[in-house]
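The values are calculated or read from the model by the stated rules, or taken from the named source; none is laboratory data. Because the structure is predicted, anything quoted here is derived from the model rather than measured. Virtual Cβ from ideal backbone geometry, glycine too; neighbours counted across all protein chains shown. Please note that ligands, DNA and RNA were not included when accessible areas were found on the heavy atoms of the full protein model with its side chains. Shrake-Rupley method; radii C 1.70, N 1.55, O 1.52, S 1.80 Å.
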Amino acid sequence: MRLVTETGSLTEAFSDEDSVRILAKAGFDAMDWSFFSMLSGKTVWCGDSWKEHAARVRETATE
């Protein structure tokens, strides 16, 4: 069994990479990435560099 949580609240206060580190340190095995921030249109996920950002977040998660 995996311990999973969502990222919505945490990524409002911390960077995406720091959020991944915090959840891993807390013992979570996986996360359900929340994209509620996209509703504002003012997030990296809405820009042209989202793929590079996703690669950095994934790299952090695999560490």
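This table checks each residue for (1) among the charged types (D, E, K, R); (2) at pLDDT below 95.
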site: L10; (1), (2): no, yes
site: D18; (1), (2): yes, no
site: F28; (1), (2): no, no
site: F36; (1), (2): no, yes
site: G41; (1), (2): no, yes
site: A55; (1), (2): no, no
site: E59; (1), (2): yes, no
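If I filter the stretch 25-41 for residues that are in a helix (DSSP H, G or I), open to solvent by less than 60 Å² (accessible area, probe 1.4 Å) and touching a strand residue (DSSP E or B) at 6+ places or on another chain (Cβ under 8 Å), do I get at least one hit? Taking every residue of the stretch 25-41 in turn, none turns out to be in a helix (DSSP H, G or I), open to solvent by less than 60 Å² (accessible area, probe 1.4 Å) and touching a strand residue (DSSP E or B) at 6+ places or on another chain (Cβ under 8 Å).
You will find that of S9, S19, the residue that is part of a helix (DSSP H, G or I), over 9 Å from the mean Cα position of the chain (by Cα) and among the small types (G, A, S) is S9 and no other.
Annotation note: of E52, E12, E6, the sole residue that is touching an Asp or Glu at 6+ places or on another chain (Cβ under 6 Å), open to solvent by 80 Å² or more (accessible area, probe 1.4 Å) and free of Cβ contacts under 8 Å to residues at least 40 places away in the same chain is E6.
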